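This is the structure I want to talk about, given as structure tokens.
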Amino acid sequence: MLKQTFGRLITSSTRGVAKEKLDCVVIGAGVVGIAIARELALKGREVLVLDLAPTFGTGTTSRNSQVIHAGIYYPLNSLKALFCLRGRELLYKYCSHHDVPHKQIGKLIVATRPSHIPKLNHLMNCATQNGVDDLRMLEGFEAIKMEPELQCVKALLSPASGIVDCHSLLLSLVGEAENHRTMFSYNTTVVGGHLEGNSMHLYVSETKDLGNWNGRSPLNPELILIPKLVVNSAGLSAPALAKRFGGLNTDVIPPVYYARGCYFTLANTRVAPFKRLIYPIPEDGGLGVHVTLDLDGQVKFGPNVEWIDGVDDISSFLNKFDYSVNANHAKMFYPEIRKYYPSLRDGSLEPGYSGIRPKLSGPGQSPVDFLIQGEETHGVPGLVNLFGIESPGLTSSMAIAEYVATRFLR
């Protein structure tokens, strides 16, 4: 199957393993990887995208809130701030031009007690420094007039925030990339690689052959790819994969932390209680249990933050995470939601879905920026590692792609 997938790429073999030189390989078919592949293809490069899953967008991309962020929360001049602002602009423009369903519905960040107001003022100042110039501070009664079900003493209105149909966005990006000679190979895992001369050699196997792998025995690749450019955009798997690249100094690979976030949906409600996104003051590890809406009008609450301990490299490497939602966790959601939505009825929350955040900071630590490493950091020509691409990764995806193509293409 793998050799059929690559078809024309297999021309020679060494020690029984086929090898082929390529132009660009992107590892990971999430929204960031696909956006990078599209950008490279639009610049005339031949691109191959590899993903261990049966199709695109099955990891973090399919398990987020589908929110287009404005760029409020992030430190001045951080990659998150820069990419979120630029990405928001590119994303809205792309969705409009390609008929991707989306809506700029706005967001209210709410202070539910007076002690939260200084934090709200800090967010406003941070956003203004980042170039978000359309925010407006509202008194509680003004916000409640806009959203009658809301309870707050003050709120920050962000008109630029919105929502997008993530699957439709992915379909559009994949289609455009394929129209510009990008190939996608699913059920295909990059199991490691090594630096030889000035080139990365990638070891590739079919995902099904890794089902019983114990993580210790050597893996025999079915194919060795030798690209000019490798982009490790494997999301949750990116650090574990980087550790399997021989010749890469592992000291440059950051420690990684995993935080599960669960969503609950609002059931037995014909009319959504809110027209806008409603966010509380941010908490350690996330933005708090907030209200998100999808384009079908479904209301979701989440995500919470559950730090996951003891994740081994194999679990992260093969994306073997527990994505189940414990229905009993609803009892922790109700009091958090009722701080700003006091009329939430008992029994109205149903388990939705969960996602895992690939974080570079742990519990109680200050948030860490996106980490995008090229040769100047790790010394390996033609290798780009993307680490810690959590929120606002979806909003930032096209800006990250623009940055990678501009900075690392030769």
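Mind pulling the angle between the C-alpha long axis of helix 393-408 and the longest principal axis of the chain? Nearest 10 degrees, somewhere in 0 to 90.
40
Could I ask something else about it? Starting from the Cα of N328, step 7 Å along the direction of its Cβ; do the same at V17; then give the gap between the two resulting points in nm.
For N328 paired with V17, the spin-label model returns 4.6 nm.
Looking at V31, Y341, V305, which one has the Cα that reaches farthest to the positive end of the dipole of the chain (charges on Cβ: Lys, Arg +1; Asp, Glu -1)?
It is Y341, whose Cα lies furthest towards the positive end.
Determine, for the range 106-232, the count of lysine pairs separated by eight or more sequence positions (or lying on different chains) whose alpha-carbon distance falls under 24 Å. Write down the numbers at each step before the final one.
Numbers: K107/K119; K107/K145; K107/K154; K119/K145; K119/K154; K145/K154.
Lysine pairs satisfying the spacing and distance rule in the range 106-232 number 6.
If one takes the longest principal axis of the Cα atoms in the chain, at what angle in degrees, from 0 to 90 and to the nearest 10, does the Cα axis of helix 166-179 lie?
30
Heads up, I need the accessible area for R181: 1.4 angstrom probe, whole protein in place, Å², nearest 10.
140
How many percent of the accessible area of the range 250-407 is carbon or sulfur, using a 1.4 Å probe?
Values: 3130 of 6510 Å².
Its accessible area is 48 percent carbon and sulfur atoms.
Note the direction-averaged projected area, equal to a quarter of the hull surface, for the Cα convex hull of the range 317-410, in nm². Please list the in-between numbers first.
On the way: hull surface 37.5 nm².
The Cα convex hull of the range 317-410, projected and averaged over all directions, gives 9.4 nm².
Please work out how much accessible surface R88 shows to a 1.4 Å probe, ignoring ligands, DNA and RNA, in Å² rounded to 10.
R88 exposes around 40 Å² with every protein chain in place.
Now a separate question. How much of the accessible area of the range 67-195, in percent, comes from carbon and sulfur atoms when a 1.4 Å probe is used?
C and S fraction of accessible area: 53 percent.
Another question about this same structure. Using θ = phi - 60° and the Karplus form 6.51 cos²θ - 1.76 cosθ + 1.60, what ³J(HN,Hα) does each residue of the range 59-73 get, whole Hz, x for Gly and Pro?
x, 4, 4, 8, 10, 10, 8, 6, 8, 8, 7, 8, x, 8, 8
Which one of F370, S315, S354 has its Cα pushed farthest toward the positive end of the charge dipole of the range 273-410, where Lys and Arg give +1 and Asp and Glu give -1 at the Cβ?
Positive-most Cα among the choices belongs to S354.
Follow-up question, since we're still on this one. How much of the DSSP bridge set in the chain is antiparallel, in percent, rounded to the nearest 5?
Close to 65 percent.
Considering only G131, N179, H201, whose Cα is most displaced toward the positive end of the charge dipole of the range 97-201, charges sitting on Cβ of Lys, Arg (+1) and Asp, Glu (-1)?
G131
Summing Lys, Arg as +1 and Asp, Glu as -1, what charge do residues with Cβ under 12 Å from the Cβ of C166 carry, C166 excluded?
-1
To continue, here is another question. In whole Å, how far is the Cα centre of the range 245-300 from that of the range 55-132?
12
Under a point-charge model restricted to the Cβ atoms of Lys and Arg (+1) and Asp and Glu (-1), what is the dipole moment magnitude of the chain relative to its Cα centre, in debye to the nearest 20?
200
Counting heavy atoms of the protein chains only and a 1.4 Å probe, report the per residue accessible area for the chain as a whole number of Å².
Computed with neighbouring chains in place, this is 43 Å² per residue.
Turning to a different aspect of this structure: Which entries in the list K243/K339; K19/K243; K93/K359; K43/K320 go over 32 Å, if you measure between the two C-alpha atoms of each?
Values: K243/K339 44 Å; K19/K243 22 Å; K93/K359 29 Å; K43/K320 35 Å.
Long pairs (Cα-Cα over 32 Å): K243/K339; K43/K320.
For M146, M200, what's the largest-to-smallest order of accessible area, 1.4 Å probe?
Ranking M146, M200 by accessible area, largest first, yields M146, M200.
Using a Förster distance of 35 Å, how high is the FRET efficiency between S96 and T269, based on the Cβ-Cβ distance and rounded to 0.05?
0.70
The values are calculated or read from the model by the stated rules, or taken from the named source; none is laboratory data. Everything numeric in this text was worked out from a predicted model, so none of it was measured. Every residue, glycine as well, gets a Cβ built from its backbone with ideal geometry; the counts of neighbours run over all protein chains shown. Only protein heavy atoms, including side chains, enter the accessible area calculation; ligands, DNA and RNA are left aside. Shrake-Rupley method; radii C 1.70, N 1.55, O 1.52, S 1.80 Å.
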